[in-house]
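Undergrad: Mind looking over this structure? Questions follow.
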Number of protein chains: 4
Amino acid sequence: MSNTFGTLFKITTWGESHGKAIGVVVDGCPAGLEINEEDVQKELDKRAPGQSEVVTSRMEDDKVEMLSGMFEGRTTGMPISMLIYNKDIDSSKYEKIKYLLRPGHADFTYQMKYGFRDYRGGGRSSARETAARVAAGAIAKKLLERHGIKIMAYVKEIAGIKAKKIDYNEIYKNNVRCPDKNAARKMEQAILKAKNEGDSVGGICEIIALNVPFGLGKPIYNKLEADLGSAILGINAVKGIEFGSGFELAKMKGSMSNDEFVLKSNNIATKTNHHGGILGGISTGMPIVMRAVVKPASSILKKQKTINYKTMKQESISVEGRHDPATIVRFPPIAEAMTAIVLADHMLMSGKMNPDKLN
Amino acid sequence: MSNTFGTLFKITTWGESHGKAIGVVVDGCPAGLEINEEDVQKELDKRAPGQSEVVTSRMEDDKVEMLSGMFEGRTTGMPISMLIYNKDIDSSKYEKIKYLLRPGHADFTYQMKYGFRDYRGGGRSSARETAARVAAGAIAKKLLERHGIKIMAYVKEIAGIKAKKIDYNEIYKNNVRCPDKNAARKMEQAILKAKNEGDSVGGICEIIALNVPFGLGKPIYNKLEADLGSAILGINAVKGIEFGSGFELAKMKGSMSNDEFVLKSNNIATKTNHHGGILGGISTGMPIVMRAVVKPASSILKKQKTINYKTMKQESISVEGRHDPATIVRFPPIAEAMTAIVLADHMLMSGKMNPDKLN
Amino acid sequence: MSNTFGTLFKITTWGESHGKAIGVVVDGCPAGLEINEEDVQKELDKRAPGQSEVVTSRMEDDKVEMLSGMFEGRTTGMPISMLIYNKDIDSSKYEKIKYLLRPGHADFTYQMKYGFRDYRGGGRSSARETAARVAAGAIAKKLLERHGIKIMAYVKEIAGIKAKKIDYNEIYKNNVRCPDKNAARKMEQAILKAKNEGDSVGGICEIIALNVPFGLGKPIYNKLEADLGSAILGINAVKGIEFGSGFELAKMKGSMSNDEFVLKSNNIATKTNHHGGILGGISTGMPIVMRAVVKPASSILKKQKTINYKTMKQESISVEGRHDPATIVRFPPIAEAMTAIVLADHMLMSGKMNPDKLN
Amino acid sequence: MSNTFGTLFKITTWGESHGKAIGVVVDGCPAGLEINEEDVQKELDKRAPGQSEVVTSRMEDDKVEMLSGMFEGRTTGMPISMLIYNKDIDSSKYEKIKYLLRPGHADFTYQMKYGFRDYRGGGRSSARETAARVAAGAIAKKLLERHGIKIMAYVKEIAGIKAKKIDYNEIYKNNVRCPDKNAARKMEQAILKAKNEGDSVGGICEIIALNVPFGLGKPIYNKLEADLGSAILGINAVKGIEFGSGFELAKMKGSMSNDEFVLKSNNIATKTNHHGGILGGISTGMPIVMRAVVKPASSILKKQKTINYKTMKQESISVEGRHDPATIVRFPPIAEAMTAIVLADHMLMSGKMNPDKLN
């Protein structure tokens, strides 16, 4: 698949950090969905940097253009092409370090695999590409909304500081996308401290999907955990994912981790949700709960040792440029987008949404 | 994909726990590989239960038959069909609880999704199916061996007890597949204690791939983490996966988590391996390191509350039958198999292995 | 895809002409379909040789076994594995010509591509494999029947002799699967004449699908012609396909080839059917009509020049063994099967059939 | 797949006839290919209309922009996005016939399938979309050129007039893309005659691929005929395809249609080429030869009966606008493009071309 993701609801993204533009083709959206550039822009704005001291100063004044697949305000069932021109590009910082492999980045692997690379801003390996996913996710979200499905992602932990309460209304009121006002303040301080030291921090993002109907997920190889896992692990800097009680399950007994079945308003549900809304790879109707770990931003000012692959000599590097000290704070809308894309795909694959036209 | 996994090296599995047989079709193995039923059987035997008190007493005396794709001891490039007849089946225990949803199992989701299910032994949702994956993995492993790639999986943690040292020779000398002899003894005790209480335990499995060449993984949506993640998260009872330093990265600073580049015998390598052998979704040549969490076995004798979906009444259930109190101890060969399948697929996709005939 | 065909309704076939068995895994059949081995056997019997002088004397006494995906007489939504053991195998004839490339056969290309091949009876390249497709097609047909869709294939032309009338009841009453009794007699004579001369004949098969609902086909790259074309052109010996008026369209004017729209019992239909039931790659509700050309059987007794690839010397070859002098007469059930598989797949892809359970 | 075509070398096209733009994302091109907008433009110009009286007067002054996947004049292995803005659009003619189903067009099927459609110029179903395929094909062609593979398509027959000789140099010297100067003149007259009568004509295009190495094609379901067939049958207005001697094989005997093997400069080749360069679905090294039939253009001035789907009443229609009276004359570059895309894909799939970087 490489640059295409999905089975029936599919996205194909393209573009580099410092190229002319980035974009996405969304294929498989049923005909008849009312959506416009503002709907997509709204999601993009949630991801946009340049909003506070805790993110990069690069102004990604992203304006999305919808080029196809729409007619009279509605989708036609044809592929939807969306394009965002790259602006405010400054490649000068990259020119002078082009032979130095930035630790933690994909410079080394791209150089070795392709024998050659667009070194400006990380090229295709830059998180810049994720804006295209967010644009595609906006369409998936709009589809899911019709079925009452709601996806929310937020920062659960940064630099060891954990959110202690979950207030959805709080998430976009602070600069770190944390649902706990107090924790948010401390997280922000930790980020700024790291930034001042020329360093960066990592964190954990929690993603919740509410009102997902039972029956999504296709055993044996398209279980919901496998497809959501693939989607989230494919986002830059993610190094782990867990569902429900996740790694805590290693310490539990079966009598505790098994969620007992009960009746809730005459429907079968589970009393607890250690299973994170998925059993046997199929959604149970309980909230889908997952958490992803995002590693500390790789671009840091602090000196690190590396190799100049032209001279094959050891050198040291200090990565200048405009970087995020905590990429985690820009991660939630991307995670929401990829989650929405997987769920929209499974709504189609399980016959809960008509693939040709909205009913 | 559903019951097919992979792009160029592909497996299609079929079969239920208490059906006539289970099997797999392996498609995409290049011509010329010397392999036979004993090679496959050897892997299957590593997974087989009935070997100690810590596993189920069901005797899965699995004998694999290779039915196609072979000629004069070598693969022909054609699909390899392998079949294992189910023996020692006892479905009587399932008959009486067929309307009771076993907590932690897929009974509920299969029943709701398909409106009907083979309830005997969990049907297709049973871990019985993983024997087919192990058979397929044996072929992938044999292919990888030709390139010096070695995959090892072992139990890192059970019921809070952690392996403190990694001695590969130790793994298959104990009943819990643990590379630390002392920890193994304690783990075994913990499992037996849980078993006696009619309960079960969970754990963590670590998977290592050595000598993987740089360059495997295809950005943006077939990054190695995404494809390995999908493979491992698709195995029964897995609820999380992490690569390299994984969830610990949430607490690190960039200056620590970034692995500095150094020269090792004139090749570029990293000093540390927080990245777990993958950067930008592409293998770096360092060992690939991942860990998966396996939830406690769902089948327990202890009474739990559940719903009878025929009467829609609350009942209690005690899951009798021959069950593993710690499915984690049978997990390592399955994890090795799925890892081998993903790596073989990527060896083909990156042009490091010829898809038609072995060179 | 290689040995897997389809998107949502998928088949994976395996097996060689003189191997232990051949088989197929059908994935994506919704749960709840009543079907049994007799239903499948009935289709296989239509394809079976050994029924008259115009076909090979090899007795393919095929008995299909269904090994999975069924419970209490109904499909469960899980993969259905079907297996047919190979019987009455005689490989001796192939041993002595194993280095001689049989003209018209795949010996040369398999040998060159894979460096090695199962030469017994053509191995995987033998039409023997198509029995597996017919078994899979039986399931697809049963699914389509629920929607009133009926597929019929018959011989339209053999050795220049054309069917002049189409009487569906006649097709399986003669040895050549021709819907015209008189033409059938002449065709049979032409085949026997060729057989006696150590030669073979080719022909044309017409395939009709009735009651196909409008809306099947997914532009731009899964148009119905593209998917049906891929399915039919992938059958052994097929060298061409045409839809509706096909190659005759090259001589027509638009005013004639355009099918005018009319009302039929208050529904929009076309007056004529030059378009063969497909416009813009999507079914119109009119009968789908296609024709495939099947080349003369490649195995002939008559001496032909060839190369011994071991000695790289010119030799002559006379292909002994039990062969069909007119493979076309065994083609109709295979064409029906592949057509059914494509249509079942598109019924799912267009949301006209629920992928999880039959409604 | 829908709007994505290919396995390793993949194209995703988007855009409508009268939308803002059309475009394509090419995924899977190895890194290191030197190519630029002029190379692509050259192919587009071969397809461009407005070049003579025998084509539409719409000026498709297509200028392609390459937006990604390139760096310093070479491909980077990342997806290549190409965009062509739509110019010279006049939708007024379509407004007034928007409820009338144009015979031969996809109006009816799109309207029924999607419940709604972009009626301007046929929307997505317009042959306008094929410009995107031609752009993608330019990249595939450039890749194949490195291996000496050359693809040529030309008009073999129009309105019953056949090319009697094949002079490759002649093809682009006349307005009808015919390799026979004399036939070209007659074809042109036939087209103009039809045009003056408010009518249109159909024809046959022959496609040749030279220097294709043996070994392309993947049995059983990605035989070269199946994949090329799917590619060509997916182009607008194509209603049939044949390989080698094609439908003539129905009348041949095996002793004639079988191509005998001979030695040519110490390599195994066939004396004749009835098989069209493909045996057992795999290329033999002989020229690949195929022919496609293109139906007469559907848009004609002549009055035809149709239905107004709003009033559900019979009406008559005369399709005004700027149309090609013989779409066949614009077909060759599109056929070349799709053929190149399939062959490039199979060069990768058979390991004859490295997927990461050109060697």
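The values are calculated or read from the model by the stated rules, or taken from the named source; none is laboratory data. Since this is a predicted model, take the numbers as computed values, not measurements. Neighbour counts run over all protein chains shown; Cβ positions are idealised from the backbone, glycine included. Side chains included, ligands, DNA and RNA excluded: accessible areas come from the protein's heavy atoms. Shrake-Rupley method; radii C 1.70, N 1.55, O 1.52, S 1.80 Å.
Undergrad: Report the semi-axes of the equivalent ellipsoid for region B:259-301 in whole Å, largest first, where each axis is √(5λ) for an eigenvalue λ of the Cα gyration tensor.
TA: One finds semi-axes of 35, 9, 8 Å for region B:259-301.
Undergrad: Calculate the all-directions average of the projected area of the protein assembly as shown's alpha-carbon convex hull, and give it in nm².
TA: 48.6
Undergrad: Greater than 22 Å separation of Cα atoms is the criterion. Which listed pairs, D:Lys10/D:Lys357; A:Lys87/B:Lys253; C:Lys20/C:Lys93; A:Lys20/A:Lys93; C:Lys162/C:Lys193; A:Lys253/B:Lys193, meet it? Please list the in-between numbers first.
TA: Numbers: D:Lys10/D:Lys357 16 Å; A:Lys87/B:Lys253 30 Å; C:Lys20/C:Lys93 18 Å; A:Lys20/A:Lys93 18 Å; C:Lys162/C:Lys193 17 Å; A:Lys253/B:Lys193 11 Å.
Exceeds cut-off: A:Lys87/B:Lys253.
Undergrad: Using a Förster distance of 45 Å, how high is the FRET efficiency between D:Asn211 and C:Leu192, based on the Cβ-Cβ distance and rounded to 0.05?
TA: The computed FRET efficiency comes out at 0.55.
Undergrad: Across peptide B:266-273, what mean number of C-beta atoms from other chains lies inside 10 Å of a residue's C-beta?
TA: 3
Undergrad: Quick check on chain B: what are the equivalent-ellipsoid semi-axes from the Cα gyration tensor, as sqrt(5λ), descending, whole Å?
TA: 34, 26, 19
Undergrad: Between B:Glu37 and C:Lys164, what's the calculated FRET efficiency when r is the beta-carbon distance and R0 is 60 Å? Round to 0.05.
TA: 0.60
Undergrad: Give the separation of the Cα centroids, region D:321-337 to region C:189-239, in Å.
TA: The two parts, judged by their Cα centres, are 27 Å apart.
Undergrad: Using only the alpha-carbon atoms of region D:234-288 as identical scatterers, what base-10 log of I(q)/I(0) does the Debye formula give at q = 0.15, 0.20, 0.28, 0.31 Å⁻¹?
TA: -0.50, -0.77, -1.17, -1.27
Undergrad: Give the aspartates and glutamates whose C-alpha is closer than 15 Å to that of B:Lys271, dropping any in the same chain fewer than 8 places away, or say none.
TA: Answer for B:Lys271, where 15 Å is the Cα cut-off: A:Glu315, B:Asp259, B:Glu260, listed by chain and number.
Undergrad: Follow-up. Inter-copy label distances at C:Asn196, 7 Å along the Cα→beta-carbon direction, one decimal in nm, shortest first?
TA: Counterpart label points of C:Asn196 in the remaining copies fall at 5.8, 8.9, 10.5 nm.
Undergrad: On the full set of protein chains, 1.4 Å probe, figure out the accessible area of B:Asp90 and give it in Å² to the nearest 10.
TA: 60
Undergrad: I'd like the projected area of region B:75-140, averaged over all directions, using the convex hull of its alpha carbons. Report it in nm² with one decimal.
TA: 6.3
Undergrad: Also: Which number do you get for Rg(Cα) / (2.2 N^0.38 Å) in region D:108-151? It would help to have the intermediate numbers written out before the result.
TA: Details: Rg = 16.4 Å, N = 44, 2.2 N^0.38 = 9.3 Å.
The value comes to 1.77.
Undergrad: Shielding by partners for A:340-347, please: the mean number of other protein chain Cβ atoms within 10 Å of each residue's Cβ.
TA: Taking the mean over all residues of the peptide, I get 0.
Undergrad: Arrange the residues B:Tyr168, D:Tyr94 by how much accessible surface each exposes, largest first, with a 1.4 angstrom probe.
TA: Ranking B:Tyr168, D:Tyr94 by accessible area, largest first, yields B:Tyr168, D:Tyr94.
Undergrad: Checking an interface number: how much accessible area is buried between A and B, summed over both chains, with a 1.4 Å probe, in Å² rounded to 100? Display every interim value, and only then the final one.
TA: Numbers: alone 17400 and 17460 Å², together 26710 Å².
The buried area between A and B, both sides summed, comes to about 8200 Å².
Undergrad: While we're on this one: Give the relative contact order (percent, whole number) for chain D; include only Cα pairs under 8 Å separated by 6+ residues.
TA: About 23 percent, as a whole number.
Undergrad: Just to be sure I understand: with springs between alpha-carbon atoms less than 10 Å apart, which residue in C:Gly148, C:Gly240, C:Gly254 has the highest mean-square fluctuation in the Gaussian network model of chain C?
TA: C:Gly254
Undergrad: Which whole-number value in Å³ per residue fits the convex hull of the alpha carbons of region B:284-350?
TA: Numbers: hull volume 10.6 nm³, N = 67.
Enclosed volume per residue, from the Cα hull, is 159 Å³.
Undergrad: Right, next: Would you list, by chain and number, the aspartates and glutamates whose Cα falls below 14 Å from the Cα of C:Lys181, excluding same-chain residues fewer than 8 positions away?
TA: Reachable aspartates and glutamates: C:Glu157, C:Asp167, C:Glu170.
Undergrad: Would you kindly calculate the mean projected area, averaged across all directions, of the convex hull enclosing the Cα atoms of region D:167-243, in square nanometres? Before the final figure, lay out the partial values.
TA: Details: hull surface 26.9 nm².
Value for region D:167-243: 6.7 nm².
Undergrad: Suppose a student asked you for the relative contact order of region A:271-359, using Cα pairs under 8 Å spaced at least 6 residues apart; what percent would you report?
TA: Contact order relative to length: 18 percent.
Undergrad: Mind checking the alpha-carbon convex hull of region A:101-177 and giving the volume per residue in Å³?
TA: 153
Undergrad: Here is a follow-up. Of all the accessible heavy-atom surface of the protein assembly as shown, with the other protein chains kept in place and a 1.4 Å probe, what percent is carbon and sulfur?
TA: That share works out to 49 percent.
Undergrad: Assuming a viscosity of 1.306 mPa s and a temperature of 10 °C, what translational diffusion coefficient in µm² per second does Stokes-Einstein assign to region C:6-103, Rh being the Kirkwood radius over Cα pairs?
TA: My calculation gives 102 µm²/s for D.
Undergrad: Related question: Any idea how far the Cα center of region A:115-171 sits from the one of region D:263-317, in Å?
TA: 46
Undergrad: To continue, here is another question. Taking every residue in C:197-205, how many Cβ atoms of other protein chains lie within 10 Å of its Cβ, on average?
TA: Taking all residues of C:197-205 together, the mean is 5.
Undergrad: For B:Asn266 paired with C:Asn273, estimate the spin-label separation in nm (one decimal), with each label point 7 Å from Cα along the Cα-to-Cβ line.
TA: 7.3
Undergrad: Could you tell me, in Å, what Rg and Dmax come out for the Cα atoms of region A:40-199?
TA: 18.9, 53
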